[in-house]
Ligand SMILES: Cc1cc2nc3c(=O)[nH]c(=O)nc-3n(C[C@H](O)[C@H](O)[C@H](O)COP(=O)(O)OP(=O)(O)OC[C@H]3O[C@@H](n4cnc5c(N)ncnc54)[C@H](O)[C@@H]3O)c2cc1C
């Protein structure tokens, strides 16, 4: 009998962590990823020639957006602009969702913050077999691979809050408040994330991306293979397991892949959407699917400075910004190295180097709902039911007043941290197994039963590892390619 095989949908933090944990157990894994390989030093070292560049310079206009979705779009509810584009945007009612597509998922574009839940008891009573203690070994294993590095104010140079706003007495700028764990290499901080790495992709490995850290050894040994530019459109049940209906985006062909073990790791919003589409095609899933969906309290603003400090000369994720009046609110300032990536006149570059993104996170009510009608995915979310969002907006106003600067809030609320919709106890059990569908698992944040309220990638990878380590690998079905 051959080695058991599993198919994983998605290659971000969850898919790569699950693939690595399964490969570690001797399982041959196929990862299906709708985005392309990215042209990085690591991918070149694998001998993969067919890799897409990141959107930089002139490519910013064509390579930035991959797809735009929402109910008012065409029959399918989504327009694919460029299969090699980086970002996917879904416009919902009350909340938009932003993600990206590449082998390595969002690890290419994320801010590098790697942290455990602020609520240390997050996993306690979260589901059968789950507790903070039960997850400890998985957190440690993921941290060993991501190697997050703690940074303090010394790394921030002129961009440090205390230097920029010495008279802002309501801001907390102590060492503990500015220290962040970033998943970056050991290169000097300034170079690590503003050079060839950063929010728009990391070419040189200065930011640790999961295609390299989690999958690298298994890609080299052949234990894991990745089908890039392949998008799973639906999953149906077969006698021998599951059939995945896949669009080969490069060749413009439909293919069907089969396996007895399938792990959904497409990012919370995509996983819920895929399960809803699959339910329409007969997959038996509970009514609770799509409910209890949240945006991690994500609230953002554009922060315009008045002085000449070049914020892009530090790390893209700069520092925590805390208010003495609301020390529990988790607010981060990040400056993307835009100037180096875009051809723009000097005054635009200068303006951008003085502009940063201020973002807050917190526990929202997870009162959103993802649903499907006429084949189109819908998302509805009422931010007014989540006090955290108004609290964060009020904190932004206070920070702007205190520092004599401007923070502009976007008209639409968006999240880069979608959570829930296929929650533990509702759609899956404490091991990520989908109720009523043996061999089908959910390894991403759609399974999170409650809001996390802090940067989630480390916890998502940890959950995925937990799911993969607990998966039934006996001959549940005869796997077949
Ligand atoms: C700009 C930005 C900055 C961020 N910064 C931070 C940060 O600093 N710290 C932090 O903790 N988190 C951050 N996040 C969030 C973090 O990136 C996500 O929480 C994390 O990537 C989720 O991991 P995942 O594996 O579930 O999904 P992803 O990383 O999104 O990976 C899912 C993959 O699945 C693929 N996929 C989707 N649907 C299909 C399909 N049908 N078929 C095949 N493939 C599919 C996608 O293309 C994607 O590559 C940030 C996110 C963004 C967008």
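Being under 21 Å from residue 357 (Cβ atoms), assigned to a strand (DSSP E or B) and touching a helix residue (DSSP H, G or I) at 6+ places or on another chain (Cβ under 8 Å) is not true of residue 377. For region 259-282, name all the residues that are assigned to a loop (DSSP other than H, G, I, E, B), closer than 21 Å to residue 5 by Cα and more than 9 Å from the ligand (Cβ to nearest atom). If the condition is that a residue be assigned to a loop (DSSP other than H, G, I, E, B), closer than 21 Å to residue 5 by Cα and more than 9 Å from the ligand (Cβ to nearest atom), then 260, 261 are the ones that fit.
Count of region 409-425 residues, restricted to those that are buried (at least 19 other Cβ atoms within 10 Å of the Cβ), more than 16 Å from the chain's Cα centre (by Cα) and outside any strand (DSSP E or B), is 3.
Applying the criterion of being touching a residue at least 40 places away in the same chain (Cβ under 8 Å) and within 13 Å of the ligand (Cβ to nearest atom) to the residues of region 65-77, the residue that is nearest to the chain's Cα centre (by Cα) is 69. Among all positions in region 132-143, there is no residue which is within 15 Å of the ligand (Cβ to nearest atom), buried (at least 22 other Cβ atoms within 10 Å of the Cβ) and modelled with pLDDT under 95. When the criteria are applied in full, residue 124 fails the requirement of being away from the ligand (no atom under 16 Å from the Cβ) and touching a strand residue (DSSP E or B) at 6+ places or on another chain (Cβ under 7 Å).
Is it true that residue 333 is under 30 Å from residue 76 (Cβ atoms) and either surrounded by 19 or more Cβ atoms within 10 Å (Cβ to Cβ) or under 24 Å from the mean Cα position of the chain (by Cα) (or both)? Give the derivation first.
Working: under 30 Å from residue 76 (Cβ atoms): no; either surrounded by 19 or more Cβ atoms within 10 Å (Cβ to Cβ) or under 24 Å from the mean Cα position of the chain (by Cα) (or both): yes.
In short, no.
Among the residues of region 429-453, those that are within 14 Å of the ligand (Cβ to nearest atom) and over 16 Å from the mean Cα position of the chain (by Cα) comprise 432, 441.
Being farther than 30 Å from residue 397 by Cα and touching a strand residue (DSSP E or B) at 6+ places or on another chain (Cβ under 6 Å) is the filter here; which residues of region 284-313 pass it?
Keep residues of region 284-313 that are farther than 30 Å from residue 397 by Cα, which gives 284-291.
Within region 284-313, 290, 291 meet the criteria.
Taking the options 201, 205, 241, name whichever one is at pLDDT below 95, touching a strand residue (DSSP E or B) at 6+ places or on another chain (Cβ under 9 Å) and more than 13 Å from the ligand (Cβ to nearest atom). Just a single option satisfies the conditions, and that option is 241.
The single condition from (1) more than 20 Å from residue 452 (Cβ to Cβ); (2) touching a strand residue (DSSP E or B) at 6+ places or on another chain (Cβ under 6 Å) that residue 392 fails is (1).
From the set of residues in region 303-318 that are assigned to a strand (DSSP E or B) and modelled with pLDDT of 85 or more, which is farthest from residue 358 (Cα to Cα)? Write out each step before concluding.
In the first step, residues of region 303-318 are kept if they are assigned to a strand (DSSP E or B); the result is 303-304, 317-318.
From what's left, modelled with pLDDT of 85 or more: 303-304.
On the way: 303: 6, 304: 10 Å.
Result: 304.
Within the option set 111, 35, 15, being closer than 20 Å to residue 417 by Cβ, crowded, with 17+ Cβ neighbours inside 10 Å, within 11 Å of the ligand (Cβ to nearest atom) and modelled with pLDDT under 95 holds for one residue only, 111. Restricting region 96-105 to residues that are within 23 Å of residue 297 (Cα to Cα) and in contact with a helix residue (DSSP H, G or I) (Cβ under 7 Å, 6 or more places away or on another chain) leaves a set whose member that is nearest to the ligand (Cβ to nearest atom) is 105.
The values are calculated or read from the model by the stated rules, or taken from the named source; none is laboratory data. Here the structure is a predicted model, which means the values were calculated and not measured. No Cβ is skipped: glycine too gets one built from the backbone with ideal geometry, and neighbour counts run over all protein chains shown.
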